[in-house]
Structure formats: C-alpha cells, structure tokens
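Below is one structure, written out as structure tokens; comments come after it.
The values are calculated or read from the model by the stated rules, or taken from the named source; none is laboratory data. Keep in mind that this is a model prediction, so the values were computed, not measured. For neighbour counting, all protein chains shown are included, and Cβ atoms are generated from backbone atoms with ideal geometry for every residue, glycine included. Just so you know, the surface numbers come from the protein's heavy atoms only, side chains and all, with ligands and any DNA or RNA stripped out. Shrake-Rupley method; radii C 1.70, N 1.55, O 1.52, S 1.80 Å.
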Amino acid sequence: MIGNQYQRNLHAAAIAALLALIALCIAWETVLAPLRPNGSWLVLKVVPLLLPLRGVWKRDLYTMQWSSMLILLYFAEGIVRGMSDAGLSSTLGWIETAIVAVFFISVVLFVRPYKRAAKALAQKALRKAAE
C-alpha cells in the first residue's frame, strides 16, 4: 500500500499545497493586501515554509512529520486574519486556512501507513524479545 497511486496523489497534494502557500504568502504581503503600502516585512513569514520544501519534495518522513506541526502556525494565522481583518485580507486568511488544511491532511494521510508499519515492526520485535 505504501507505494501506490493513493500515496503519490497525497504526496503531490502536499507539494502543491506547500508551494501554493508560499506563493500566497509572498503575494499577500507584497502585492495583494500588504500591511503597509509597497509591501511589508511580514513577507518573511515565508522563510520557515522554505525549510521543509526539499524534504517534502523527497518524501522524507521525518520532514513531513515536523512540517505538519509547523504548518499549524499558518493555520492559526489564517483563522485569526480571516476573522479579524476586513476585505481582501480576510478572504486571503480563509484561503490560507484552506491551503494549510489540504497540506496537513495530505501529510498526515501520507505518513499514516509508514507509522503503522513501524509500530507493527516494533511490536513484533518486542514479542520476539519477550520469548
């Protein structure tokens, strides 16, 4: 089950969501609805998203696990800005929330069979050691 089309689709969805979130954050803080005219330093919020990009691209399980926790910061930002901002910024906040949800769900479902296999292997080793 680990190498099938479902897993490839989840991986593709995670990459697409991460790239979309990076693009959204850059566009949001430079052109679409920056906090200050001509852009804002808040565009630097993209930097942490660049860190897991290579690992997610290469299907590194460890990177996918910690990036699923990192991405929750962007979920919180999207919720806060969606609820508190007005106009386009509010809409962008909700779009950010949706993109983050796609990434998070894709990564969690992608990692799930690997975690199950590792757990089964560990239980098998414990049973063998107990004999």
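Numbers below:
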{"item": "Considering residues of the stretch 1-33 that are open to solvent by less than 40 Å² (accessible area, probe 1.4 Å) and over 17 Å from Ile71 (Cβ atoms) only, the residue farthest from the chain's Cα centre (by Cα)", "result": "Ala33"}
{"item": "Pair list, Cβ < 7 Å and 6+ apart or interchain, from the stretch 49-65 residues that are under 17 Å from Ala20 (Cβ atoms) and open to solvent by 100 Å² or more (accessible area, probe 1.4 Å) to residues that are at pLDDT 95 or above and in a helix (DSSP H, G or I)", "result": "Trp57/Ile15"}
{"item": "Restricting the stretch 99-131 to residues that are aliphatic (A, V, I, L, M) and surrounded by 15 or more Cβ atoms within 10 Å (Cβ to Cβ), the residue that is nearest to the chain's Cα centre (by Cα)", "result": "Val100"}
{"item": "Every residue from the stretch 66-79 that is under 13 Å from Phe103 (Cα atoms) and open to solvent by less than 20 Å² (accessible area, probe 1.4 Å)", "result": "Ser67, Ser68, Ile71, Tyr74"}
